[in-house]
Amino acid sequence: MKKMLLRTLKIAGLTVLALIATMLFVTFVKSPKSLLSKPVTLVEGEDYIKINNIALEHLAQATTIPVIGYDDANNDSINHQTILDFHQWVKTTYPLIAKNAKWEIINQHSLLITLKGQSNKAAAMFLGHFDVVPTPDSSDWKYNPYKGTIAKDTLWGRGALDDKNVIVALLEAAEYSLAKGLPIKRTLIFAFGHDEETGGKNGAAAIAKHLITNKIHVAFIADEGFGVMKGIVPGLKNNCAIIGLSEKGNVSIKLSINELGGHSAWPNPENATSILSRGLSRLENYQFPAHLDGPVRGLFSEAAPYMDLGYRTLFSNLWITTPLVKSVLLGGEKTAATIRTTHVTTIIKSGTKENVVPPIAEAIVNLRLFPGDNIAFVESEINRVLNDPRIKASVYLEGQEATPISPDHGDGYDQIKDCIHAQFPETVVVPGLVITGTDCKNYTAVTNRMYRFVPFEFSNSNLSGIHGKNEYITRGQFNKAVLFYIDLFQRL
């Protein structure tokens, strides 16, 4: 018996040593690659001074034209004159684009600009949206959100980060390229939607239909998404640029109960509000399964070689460390949202008078769908968790499935990655999953290559302004984005 125990311990010890050796081998077999690249197009001297003097001022002007997206607006009345003012501002501010490009207004409001390229390659398409979210907290802003105030080389205004900064940076880069006689190698399509903040169904969706109907071929799409950030990946000291390969879907599920009401003096404990409350409690204590695959797995495996040793070992060996990594990521609300479908109750309705037991109670549960968790699955899962036939669960309005996962190599991705290394040295570039929505979801029938990245260096204080108050961008941040697009256009 003693010999058998010793033999078992010896085998276990050798197994552990072999496992450790294997993990160390895997950790170091993938060595870090160079994070440096040379810009294809250098902008220096007087050319840079000119960009430095006017680019941010143009963005400031754009923020003074408020195209505000309200959920209850319809396409026939939404900011019509303001949108036309924005179109005219673009034409006036960028005369060379106005002269050389094909201009189309899609579905009354969205703008499609096409700069014909010299090659026969399918077009490279860049998205932006000029609508912004409302500012009910305007009085709390440091500066008026629609005045385009520049103070100490910082622009304060709604749209400075979401998403007029992208539109103006693209236009500045294209205008500069035309002015300097730089070749437009590949056809560039700029698709600027007017209703992204309310889903893009009248803007981006209409543009996509136009492209398909007219057989306009698009090789890849670049849209808003992650930027260049520090401290976003555990154990990584370098700045990190995440190129979003997919975005979560979304759907809202309506829960409704219809029971007998009555006088509050003799309440039935099984009434509509109590049934709903218990159901919501069960639902809030349930979490959808976590996944560490697709773009999320790619993020950690690509970043691993540049991490500190401990994290490098952990993330290089996901074949065995996945359960531990999941546990760590599930410990934070933001990191947890990157690896599973999330749900939260956003609306609860019941009752009209304080002494009447309401016969009806309703709640809206909003879900953000991890790729692979489709709408039918989450609706079924909610019903399973509720386990109460008195609670009727149904899709509220129209949901959107998670988008297909784009390739993390090849046309579009490679050029963007190389340009990041050139314009943001020592930045680690990785694939990722976007947990918010973009206009890309409306273009899934146009191309299978959609890349969500914006060339802006973000800080936590920057990010808090997106959809919040005191949205701002610095001159240095914005100038880098203009240089990025100038360089990228020449890589295509």
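Annotations
- A dipole drawn for the chain from +1 and -1 charges on Cβ atoms has a positive end, and of Thr82, Thr341, Gln108 the residue lying farthest that way is Thr341.
- Take the Cα of Asn74, step 7 Å toward its Cβ, do the same at Ser252, and the gap between the two points is 1.9 nm.
- With both labels modelled 7 Å from their Cα along Cα-to-Cβ, the Ser301 to Asn214 distance reads 4.1 nm.
- Selection from Gly203, Ile184, Ala174, by position along the positive dipole direction of segment 171-252 (Cβ): Ile184
- This ranking places Trp103, Trp141 by how few other beta-carbon atoms lie within 10 Å of each, fewest first, which gives Trp103, Trp141.
- Look at the dipole of segment 370-492 built from charges on Cβ: of Asn374, Thr447, Leu386, the Cα furthest out on the positive end belongs to Leu386.
- With K and R counted +1 and D and E -1, the other residues having a Cβ less than 9 Å from that of Gly235 yield a net charge of +1.
- A Förster radius of 45 Å, combined with the Cβ-Cβ distance separating Asn355 from Asn144, puts the computed FRET efficiency at roughly 0.45.
- For segment 220-326, the Cβ-based charge dipole about the Cα centre amounts to some 280 debye (Lys, Arg positive; Asp, Glu negative; other atoms uncharged).
- Global geometry of the chain, whether rounded, prolate or oblate, following the gyration tensor of its Cα atoms and the 1.5 cut on a/c: oblate
- If only the Cβ of Lys and Arg carry +1 and only the Cβ of Asp and Glu carry -1, the dipole of the chain around its Cα centre is close to 1760 debye.
- For a straight C-alpha distance cut-off of 18 angstrom, the aspartates and glutamates reachable from Lys334 (same-chain residues fewer than eight places away being disregarded) are Glu247, Glu284, Asp293.
- Applying a threshold of 26 Å to the alpha-carbon distances of Lys50/Lys185; Lys38/Lys326; Lys209/Lys480; Lys147/Lys180; Lys121/Lys248; Lys50/Lys121 flags Lys38/Lys326; Lys209/Lys480; Lys147/Lys180; Lys121/Lys248; Lys50/Lys121 as lying beyond it.
- Calculated [θ] (222 nm, deg cm²/dmol) that DSSP helices of n ≥ 4 give over the chain, each run adding -39,500 (n - 2.57): -12000 deg cm²/dmol
- Rounded to the nearest 20, the Cβ-based charge dipole of segment 247-400 about its Cα centre (Lys and Arg +1, Asp and Glu -1) stands at 100 debye.
- Note on segment 399-472 and segment 293-328: Cα centroid distance 21 Å, given to the nearest whole angstrom.
- Using the Cβ-Cβ distance between His467 and His263 with R0 = 45 Å, the FRET efficiency computed as 1/(1 + (r/R0)^6) comes to roughly 0.55.
Here, each number is a calculation from the coordinates, and none is a lab measurement. Keep in mind the model is a prediction, meaning the values are calculated, not measured. Don't worry about glycine lacking a Cβ; one is built from the backbone with ideal geometry, like all the others, and counts go over all protein chains shown.
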